[in-house]
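What follows is a short report on a single structure.
The values are calculated or read from the model by the stated rules, or taken from the named source; none is laboratory data. The model shown is predicted, which means the values in this text are computed figures rather than measured ones. Backbone-built Cβ (ideal geometry, glycine too); neighbour counts: all protein chains shown. Accessible surface is based on the protein model in full, side chains and every heavy atom, while ligands, DNA and RNA are left aside. Shrake-Rupley method; radii C 1.70, N 1.55, O 1.52, S 1.80 Å.
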Amino acid sequence: MIRNLVIDCHADTLLKKYFAETITLLLGGKKQEFHVSKDLLIQGGVDVQVFAIFVPPKLEKIGPEVTLEMISIAKEMEQDGFTLIKSRPDLTKLEERINNNVGMILSLEGTVALERNLRLLQTFYELGIRIIGLSWSRKNLFCEGTGLTQNVEDSEGLSVFGRELLEQMESLGIVVDISHLNQKGVADVAKMTTKPFIASHSNAQQICSVNRNLTDDQLMEIASADSVVGINFYPRFLIQKDPETATINNVIQHIKYISDLIGVKHVGIGSDFDGIGITPKGLENASKIKNIPPLLTEEGFSKQDVAKIMGGNFRRVFDKVWK
Ligand SMILES: [Zn+2]
């Protein structure tokens, strides 16, 4: 049976797995709990999970090595019923439900692993990287991230190296992710790229005013590039006051706001699961993602619109950018 793919565009599960053995030791042998696993994704009706590869600041000097280890962890997950998705035909196969596997897409969250040698881009592509977030919160060779308190005026856009990176990504067919990128960087991406891009895990600044969220102007730029924003479940990016009281309804509120402002074609889901310490009520782990569609229907979204939000929109970007 063919059905619309449900896609969550951001989870930090690989980072958690990378540290799992150490943390289990620190917890005195108590196993760490994950927000995302194959079973939880199936329970939640999620067909494709984007797994980010994030190099923590303390490990930046060995960025390429950490990246390779996380890719290796992902490859091991293929034994547990995950299928690595690298192309449009891979997505089509998944849609046809040949087996009960869950698709996984690999992304880089930040570009520290490429800083000393951009030549590695081709190798990472061959290993399966299909999305790259240009920055994380700090400044790197290519661009600047949006630190949580950074002053917009003092920051810079893409460097010459950033422009080169963007060009190479476009010719390989890698999706550009602007979550964590500063305002000038986002403006540069919107100006330079000829393809749609994504903000894999970012919300609306008008509802929750933190720098990590997107301004209305940025949302407009996203819409004019036919791009897509994945709503982040992190309570501190959902509501400003008393984030610990955040619920699934706050996620719906961001979806509604963005789709009212720029159209339903430009919204998706980017949970940030396994990278967030607290979760909203009703979205405690990946199995709860199935609670989103009924609430969207209640809000008046049509069946087709719900399918777009739950994955169809990200699918459209992958189809346009990937080979
Ligand atoms: Zn992030």
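What residues have an amide H closer than 5 Å to that of PHE197, excluding those fewer than 5 places away on the same chain, when H is modeled at 1.01 Å from N in the peptide plane?
Under 5 Å from the amide H of PHE197 lie the amide H atoms of SER227, VAL228, each far enough along the sequence or on another chain.
Work out which helices of the chain, taken as complete DSSP H runs, extend at least 20 Å along their axis over the Cα atoms and score a mean Kyte-Doolittle of 0.0 or more, then list them. Before the final figure, lay out the partial values.
Details: long enough: 63-77 (21 Å, 0.31); 248-262 (21 Å, 0.49).
Taking the DSSP H segments of the chain (at least 20 Å long, mean hydropathy at least 0.0), we get 63-77, 248-262.
How would you classify region 7-321 from its alpha-carbon gyration tensor, with a ≥ b ≥ c the square roots of the eigenvalues: rounded for a/c under 1.5, else prolate if a/b is greater than b/c, otherwise oblate? Before the final figure, lay out the partial values.
Values: a/c = 1.22, a/b = 1.04, b/c = 1.17.
Cα axes put region 7-321 in the rounded bin.
Using the structure shown, list the pairs from LYS86/LYS139; LYS184/LYS256; LYS241/LYS290; LYS281/LYS320; LYS30/LYS93 with a Cα-Cα distance above 31 Å, or answer none. Could you put the intermediate results ahead of the total?
On the way: LYS86/LYS139 29 Å; LYS184/LYS256 26 Å; LYS241/LYS290 27 Å; LYS281/LYS320 35 Å; LYS30/LYS93 38 Å.
In this structure, LYS281/LYS320; LYS30/LYS93 exceed 31 Å between Cα atoms.
Taking 0.36 nm per residue of separation and subtracting the Cα-Cα distance, what length does fully extending GLU299 through ASP216 add? Can you show the working numbers first?
Details: separation 83, 0.36 × 83 = 29.88 nm, distance 2.17 nm.
Between GLU299 and ASP216, full extension yields an extra 27.7 nm.
Tell me the per residue accessible area of the chain using a 1.4 Å probe; a whole number in Å² is fine.
On the way: 13930 Å² over 323 residues.
On a per-residue basis, 43 Å².
Counting pairs of alpha carbon atoms under 8 Å apart in space and at least six apart in sequence, what relative contact order in percent does region 7-321 give?
Details: 627 pairs, mean separation 61.6, N = 315.
In percent, rounded to a whole number, it is 20.
Could the peptides 93-100, 269-276 be put in order, highest first, of the mean number of other beta-carbon atoms found within 10 Å of their residues?
Averaged packing, sorted descending, gives the order 269-276, 93-100.
What's the ranking of 78-91, 188-201, 5-18 by average number of surrounding C-beta atoms within 10 Å, highest first?
Numbers: 78-91: 16.2, 188-201: 21.6, 5-18: 24.6.
The peptides rank, most packed first, as 5-18, 188-201, 78-91.
Could you work out [θ]222 nm for the chain from helices alone, using -39500 (n - 2.57) per DSSP H run of at least four and dividing by all its residues? Round to the nearest 500 deg cm²/dmol.
Details: 13 runs with 123 residues, N = 323.
It lands at -11000 deg cm²/dmol.
Select from LEU238, LEU118, LEU26 the residue whose mean-square fluctuation is largest in a Gaussian network model of the chain (Cα-Cα springs shorter than 10 Å).
Its mean-square fluctuation being the largest, the pick is LEU26.
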